[in-house]
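Beneath this line is the structure, given in structure tokens, with notes to follow.
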Amino acid sequence: MSQPETSLMNRLVALCKRRGFVYPASEIYGGLNGFWDFGPLGTQLKNNIRDAWWRAMVECPPVGPDGEIVSIVGVDTSIIQHPKTWEASGHVGGFSDPMQTCRQCKKLFRADHVPDMLKEAEWVESLANALKMASADALNLRPLATNQVVFDGVAARDWAQKKGKKLAPGLALVRNAAVTLSWIDEDIRATPQRRFSFDEILSYMATGQKNQTGLQTPCPNCGGDLTEPRQFNLMFESQVGAVQNEDSKVYLRPETAQGIFLQYKNVLDTSRVKPPFGIAQIGKSFRNEVTPRNFIFRTREFEQMEMEFFVPPEDGMKWYEFWVAERLRWWKEMGLSESSLYRHDIGDGDRAFYSAATADIEYKYPFTDPGFGELEGVAYRTDYDLKQHQTFSKVNLEYMDQENNRRYLPHVIEPASGLTRGVLALLCEAYQYDESRASPEWLKLKPSLAPIKAGIFPLVNKDGMPEIAEKLYQDLRRSYVCQYDAKQSIGKRYARMDEAGTPFCITIDGETVKDSNVTIRNRDTAQQERVALDKVKPYLDEKIG
Ligand code: ATP
């Protein structure tokens, strides 16, 4: 089947805007980078995912590895907490990404993103092509004689004077080709046996003051000089109270988890829980991300669904494995396909130092395909957080195990997922394109997650049909989100519902007036069947579940 020219992501973003799933925040003022608003359908979809998570975690948790029903309670803690919280958790000081700024174009980059961005940069590809044209072997420079290499300085200069001017104006080669090329020449003369990689050549071409700064990585945007990486704190700051000074400084939480640790003792003392047990929370988190990108994948304000599971230290690994498997199972149940999900076990060197094991549950987003990107992280955090808060607050946070007469700090397993990122994954998965349908773009959302469960349409707005349709609407909306629509052709009404991901459309036609049967159209098959009016509700009960 032919696919349209525009990329899948662009089409999805356009559909989300058109149908009221997601809008750019502050759009009438030109938008605000890293912020998005959920529209009527998006809010409903997000709430449905949120409710499904809460149900699977708090209201109806799974059976654990020992066959006992897991015990999890919910909390809703403040976005702003005592500033010491973030010192204890390591977020003040630690929660920052090394950043580089371009001295030429002033753009800011996460240092660890620069190599990937360079690979994708248009000017790098164009320069590589220019050099390749100069010599088939240009990417692996070879000295031919003492002062000659298979690197065509003329081709490089030519590129700098034409394409380079537009694509990478900050590149030293573009600003001063003669000087830059002479550096390369000198180095080759000094060490004739030396081989250069393309990255090294790039560094040469970017460096304005070689003697002072040495070789360096160029700016992915303009080719200019990048500053040394500097720490950049990702937490948003605010002030509490009327007097504003260092003491009144507070932070918007960068994760919901810490609020749970702060209330762990209260929950233990006031609910009938004991390890192993969990505390769950859903709410907004804020990170002043340096490079927010990919629609709602990485934003500066987002929602998380996190659960801290407290266990006796010796049971940590058993529960860790349980939760990784359980969380993968849940995302599949929500509709993500097996082949689009990946369990990424984080190696010893790449984990947070306090974590005994971490696995990311990754999804194949259109912008990571054929690779995967994080959707949820499951981390075995040992007793790190409780220990830190115990030290900083000087409050004993140990659990007294009466049965075994021992005190201990529980170990913690944390499944932490992004709710807004989950909305994106489920929208990507649901997006379908089929030119043979009235609406080529449609969303195959799991019926229980779909924002609208049924569209109710009188075929024409007369002859007794609207009365029957309205009555059905009044009945069904008590159980399901329904939409009543009497305007436009029936085909157009189906198409609108397909784009919204509505699994069922119920049409009341001339026959209904006579025999009390309606037509129910199935979104996925576009097939229609006749169902008795009084059987519509049981029909939906069975299909939506
Ligand atoms: P990344 O490496 O992508 O920055 P992270 O490993 O820092 O993410 P965690 O701190 O483990 O993320 O947060 C748990 C979950 O919260 C992530 O798996 C993701 O779904 C979600 N999340 C984190 N940062 C963002 C963000 N900026 N925008 C949207 N969702 C986010």
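Annotation: GLY335 fulfils all but one of (1) modelled with pLDDT of 95 or more; (2) closer than 30 Å to LYS106 by Cα; (3) more than 11 Å from the ligand (Cβ to nearest atom); the unmet one is (2).
Select from the range 419-452 the residues that are part of a helix (DSSP H, G or I) and either among the basic types (Lys, Arg) or open to solvent by 40 Å² or more (accessible area, probe 1.4 Å) (or both) and list them in ascending order. If the condition is that a residue be part of a helix (DSSP H, G or I) and either among the basic types (Lys, Arg) or open to solvent by 40 Å² or more (accessible area, probe 1.4 Å) (or both), then ARG421, GLU429 are the ones that fit.
One residue stands out among those in the range 337-374 that are touching a residue at least 60 places away in the same chain (Cβ under 8 Å) and among the polar types (S, T, N, Q): the one that is most open to solvent (accessible area, probe 1.4 Å), which is SER337. Hey, among the residues in the range 415-439 that are over 18 Å from PRO254 (Cα atoms) and among the hydroxyl-bearing types (Ser, Thr, Tyr), which one's farthest from the ligand (Cβ to nearest atom)? The residue in question is SER436. All of ILE456, ILE413 fail the test of being open to solvent by less than 10 Å² (accessible area, probe 1.4 Å) and outside the structural domain of LYS537 (by TED's automatic domain parsing), apart from ILE413.
Yes/no matrix, rows are residues, columns are (1) among the aromatic types (Phe, Trp, Tyr); (2) without any contact (Cβ under 8 Å) to a residue 12 or more places away in the chain; (3) open to solvent by 40 Å² or more (accessible area, probe 1.4 Å); (4) within 12 Å of the ligand (Cβ to nearest atom):
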{"residue": "ALA242", "(1), (2), (3), (4)": "no, yes, yes, no"}
{"residue": "ASN245", "(1), (2), (3), (4)": "no, yes, yes, no"}
{"residue": "VAL250", "(1), (2), (3), (4)": "no, no, no, no"}
{"residue": "ARG253", "(1), (2), (3), (4)": "no, no, no, yes"}
{"residue": "GLY278", "(1), (2), (3), (4)": "no, no, no, no"}
{"residue": "ILE282", "(1), (2), (3), (4)": "no, no, no, yes"}
{"residue": "PHE286", "(1), (2), (3), (4)": "yes, no, no, yes"}
{"residue": "PRO292", "(1), (2), (3), (4)": "no, no, no, yes"}
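For the range 378-388, state whether one or more residues are open to solvent by less than 40 Å² (accessible area, probe 1.4 Å), within 14 Å of the ligand (Cβ to nearest atom) and among the aliphatic types (A, V, I, L, M). Yes; the residues of the range 378-388 include at least one that is open to solvent by less than 40 Å² (accessible area, probe 1.4 Å), within 14 Å of the ligand (Cβ to nearest atom) and among the aliphatic types (A, V, I, L, M). Filtering the range 17-40 to residues that are open to solvent by less than 20 Å² (accessible area, probe 1.4 Å) and either touching a Phe, Trp or Tyr at 6+ places or on another chain (Cβ under 8 Å) or closer than 26 Å to GLY74 by Cβ (or both) leaves PHE21, VAL22, ALA25, GLY39.
Go through the range 266-286 and give me each residue that's in contact with a Phe, Trp or Tyr (Cβ under 8 Å, 6 or more places away or on another chain) and assigned to a loop (DSSP other than H, G, I, E, B). Passing the criteria: LYS274, PRO275, PRO276.
I want to confirm something. Restricting to the range 52-93 and keeping residues that are within 26 Å of the chain's Cα centre (by Cα) and more than 23 Å from TYR264 (Cα to Cα), which single residue is modelled with the lowest pLDDT? Filtering first and then ranking leaves GLY93. Of everything in the range 295-327 that's more than 15 Å from the ligand (Cβ to nearest atom) and aliphatic (A, V, I, L, M), which residue is surrounded by the most Cβ atoms within 10 Å (Cβ to Cβ)? Residue satisfying both the conditions and the ranking: VAL311. Please enumerate the residues belonging to the range 55-77 that are open to solvent by less than 70 Å² (accessible area, probe 1.4 Å) and either assigned to a loop (DSSP other than H, G, I, E, B) or not aliphatic (A, V, I, L, M) (or both). Of everything in the range 55-77, those that are open to solvent by less than 70 Å² (accessible area, probe 1.4 Å) and either assigned to a loop (DSSP other than H, G, I, E, B) or not aliphatic (A, V, I, L, M) (or both) turn out to be PRO61, PRO62, GLY64, PRO65, GLY67, VAL70, SER71, GLY74, VAL75, THR77.
The values are calculated or read from the model by the stated rules, or taken from the named source; none is laboratory data. Remember, predicted model here, so these are calculated numbers, not experimental data. Counting neighbours? That spans all protein chains shown, and the Cβs are built from the backbone with ideal geometry, glycine included. For accessibility, only protein heavy atoms count, side chains too; no ligands or nucleic acids. Shrake-Rupley method; radii C 1.70, N 1.55, O 1.52, S 1.80 Å.
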